[in-house]
Amino acid sequence: MLRGKKIIVGVTGGIAAYKSAMLVRLLIKAGAEVQVLMTPAAHEFITPLTLATLSKRPVHTLFHDSGNGTWNNHVDLGLWADLMIIAPATADTLAKMANGICDNLLLAVYLSARCPVSAAPAMDLDMYRHPSTQRNLAQLRADGVHLIPPGNGELASGLHGEGRMAEPEEILAHTEATLSVKQRLKGRKILVTAGPTYEPIDPVRFIGNHSSGKMGLALAETLAGQGARVILVCGPTSLQVHHPNIQRVDVMTAKEMYTACTKVFGTCHAAILSAAVADYRPAHASKSKIKKDKSRPFTQIELEETADILAELGRRKKSGQVLAGFALETDNEIEHAKAKLKKKNLDFIVLNSLREKGAGFAVDTNRITIIGKNNKTINFEVKAKTAVAVDIADYLAGLMEKKS
Ligand code: CTP
């Protein structure tokens, strides 16, 4: 799939630059055209001759090549590329990228590039952990740079920890994934709910559930990666999303989630509700902390039903809108999921069973069955939640293409 793809490999001044030679070799072997750019500091770690020989092209470092005086037009280079990979990306280069500084050719090309940009950070663990580096990485994620996470292991300094540049094979796999992402959902606005809800008993305690939000957040990232504008209404979770196409609305309770979803659903082309919403909440949340009181023991909580957000959106759904829900079942799974599909007026439902190994709360994998309006079921293998998200996004995109 990399055959004929034009890829800029940006090499900056870190010890991991020796791995760039292997990366260039792998990309060339896969059929890509590779243009290597180096920062002046990178010359301290690997020779331009090595990279020029492997890439079969002259390597550029300066805005003009000494000797023949040819101008290396950064704008042309930025427009030429289908992808720019900066590997290794040192703390210094990441900081400059995050702040729009362009005091060398590589950085000027980064600012000019219209193609996706990936960066593979490489540095010592304390530099990687430093709040300023983490701030710069967060900024770059928000700017849409695909960060290829560093590995954990022995570092050139002799220390052990996070910061080692991803291996060339991993960067190659990441490159293939970045270039294969289809923009099937461009121009679509999609509502996604994720995570649990917390229903207060008093200011300290709540009724919640084990949902981590992993599946919903993976879904939001995948839909955004395929070009959709995503409104992510998210219950309490410590997880982060990074895609600039995602607008995150944090909520706590089922009621807050209901308000946030009903406010935006009318403007959306589709909604996928994956949140584990509480079906019941304490009817009277105490304003002050409930004390242990022997004369008036607190042994019962009166509950009331919460509004079913998915069912309400099903009632409001207009023709052309696609609505999907999740079903988490422990028995008679298919039968229960089909009943929910019909009752809540859904276009499809994603069933996951708590009985399956590798599926359910807090694990990184899931095994789903998608049931469509015609009751047609598709069974999927156990996969990483990120891969499950791609299956769901593909199903949704197919449905939306059929409807429009
Ligand atoms: N859901 C919702 N609002 C609620 C309860 C559930 O939007 N108050 C949504 C969930 O996000 C999920 C779907 O409904 O997409 C199914 O949730 P689930 O708890 O499996 O089903 P319920 O309809 O609540 O039925 P039950 O708990 O009896 O299985």
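The values are calculated or read from the model by the stated rules, or taken from the named source; none is laboratory data. This is a predicted model, so every value here is computed, not measured. Because the Cβ atoms are built from the backbone with ideal geometry, glycine has one as well, and the counts that use them run over all protein chains shown. Surface accessibility is based on the protein's heavy atoms, side chains included, excluding ligands, DNA and RNA. Shrake-Rupley method; radii C 1.70, N 1.55, O 1.52, S 1.80 Å.
To keep it simple, each residue is scored yes or no on (1) touching a residue at least 24 places away in the same chain (Cβ under 8 Å); (2) not charged (D, E, K, R).
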residue: T306; (1), (2): yes, yes
residue: K343; (1), (2): yes, no
residue: V350; (1), (2): yes, yes
residue: R367; (1), (2): no, no
residue: K373; (1), (2): yes, no
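Within the range 271-281, is even one residue away from the ligand (no atom under 15 Å from the Cβ), modelled with pLDDT of 95 or more and closer than 22 Å to E312 by Cα? No, the range 271-281 contains no residue that is away from the ligand (no atom under 15 Å from the Cβ), modelled with pLDDT of 95 or more and closer than 22 Å to E312 by Cα.
Residue-by-condition table, conditions (1) more than 33 Å from the chain's Cα centre (by Cα); (2) in the same structural domain as A166 (by TED's automatic domain parsing); (3) closer than 22 Å to A21 by Cα:
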| residue | (1), (2), (3) |
| --- | --- |
| A42 | no, yes, yes |
| L49 | yes, yes, yes |
| P58 | yes, yes, yes |
| T70 | yes, yes, no |
| L77 | no, yes, yes |
| D82 | no, yes, yes |
| I85 | no, yes, yes |
| T90 | no, yes, yes |
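Is there a residue in the range 282-300 that is away from the ligand (no atom under 11 Å from the Cβ), charged (D, E, K, R) and either open to solvent by less than 70 Å² (accessible area, probe 1.4 Å) or touching a strand residue (DSSP E or B) at 6+ places or on another chain (Cβ under 8 Å) (or both)? Yes.
Mind counting the residues in the range 163-178 that are crowded, with 17+ Cβ neighbours inside 10 Å and outside any loop (DSSP other than H, G, I, E, B)?
Residues flagged as crowded, with 17+ Cβ neighbours inside 10 Å and outside any loop (DSSP other than H, G, I, E, B) within the range 163-178 amount to 8.
Suppose the filter is on the phi > 0 side of the Ramachandran plot and modelled with pLDDT of 90 or more; does N345 pass it? Yes, satisfied.
Applying the criterion of being near the ligand (Cβ under 8 Å from one of its atoms) and part of a loop (DSSP other than H, G, I, E, B) to the residues of the range 301-313, the residue that is nearest to K342 (Cα to Cα) is D308. For the range 164-175, the count of residues that are on the phi > 0 side of the Ramachandran plot and under 15 Å from the mean Cα position of the chain (by Cα) is zero. Taking the range 130-142 as the range and being open to solvent by 30 Å² or more (accessible area, probe 1.4 Å), at pLDDT below 95 and not polar (S, T, N, Q) as the test, the residues that pass are A138, R141, A142. Of the residues making up the range 256-270, just one is more than 14 Å from K317 (Cα to Cα), within 11 Å of the ligand (Cβ to nearest atom) and in contact with a strand residue (DSSP E or B) (Cβ under 7 Å, 6 or more places away or on another chain), namely M257. Taking G227 as the residue in question, decide whether it is at pLDDT below 95, out of contact with any strand residue (DSSP E or B) (no Cβ under 7 Å at 6 or more places or on another chain), open to solvent by less than 20 Å² (accessible area, probe 1.4 Å) and more than 16 Å from the ligand (Cβ to nearest atom). Yes; evaluated as a whole, the condition is true for this residue. Determine, yes or no, whether V382 is crowded, with 20+ Cβ neighbours inside 10 Å, more than 14 Å from the ligand (Cβ to nearest atom) and under 19 Å from S212 (Cβ atoms). Considered against the rule, which asks whether it is crowded, with 20+ Cβ neighbours inside 10 Å, more than 14 Å from the ligand (Cβ to nearest atom) and under 19 Å from S212 (Cβ atoms), V382 comes out as no. Any residue at all in the range 317-325 that is open to solvent by 50 Å² or more (accessible area, probe 1.4 Å), under 22 Å from L217 (Cβ atoms), within 14 Å of the ligand (Cβ to nearest atom) and touching a Phe, Trp or Tyr at 6+ places or on another chain (Cβ under 9 Å)? Scanning the range 317-325, I find no residue that is open to solvent by 50 Å² or more (accessible area, probe 1.4 Å), under 22 Å from L217 (Cβ atoms), within 14 Å of the ligand (Cβ to nearest atom) and touching a Phe, Trp or Tyr at 6+ places or on another chain (Cβ under 9 Å), so the answer is no.
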